[in-house]
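**Q** The following block contains the structure, expressed as structure tokens.
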Amino acid sequence: MLCMLQTELVEGYLERELQARIPDFDMHAFIHSLQTHREEVVEEVLDLLLSFSDFLSFKQLMLHHKAV
């Protein structure tokens, strides 16, 4: 329950900030573009961006990053 709430808060914040800074920003189109052009995006950046929707993945990624 708490993880879901945190995920919703983070996703909502990111989407609002991107919409405020980028005219006509569409999160669904952005995610689709990332997935479509996966080979053109640095792997760590892509993993980070896609992990925001999954708290456990995000947590594991952050713990791994701290350990390195």
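**Q** Looking at (1) surrounded by 11 or more Cβ atoms within 10 Å (Cβ to Cβ); (2) at pLDDT 85 or above; (3) not in a helix (DSSP H, G or I), find the lone condition where S53 falls short.
**A** Looking at each condition in turn, S53 falls short on (2).
**Q** Separate question: Which residues, counting only those in region 10-40, are open to solvent by 80 Å² or more (accessible area, probe 1.4 Å) and not in a loop (DSSP other than H, G, I, E, B)?
**A** Across region 10-40, the qualifying residues are Y13, R16, Q19, A20, R21, H28, H32, Q35, R38, E39, E40.
The values are calculated or read from the model by the stated rules, or taken from the named source; none is laboratory data. Quick caveat: nothing in here was measured; it's all calculated off a predicted structure. Positions of Cβ are backbone-derived with ideal geometry, glycine not excepted, and every protein chain shown enters the neighbour counts. Surface areas here come from the heavy atoms of the whole protein model, side chains and all, with no ligands, DNA or RNA. Shrake-Rupley method; radii C 1.70, N 1.55, O 1.52, S 1.80 Å.
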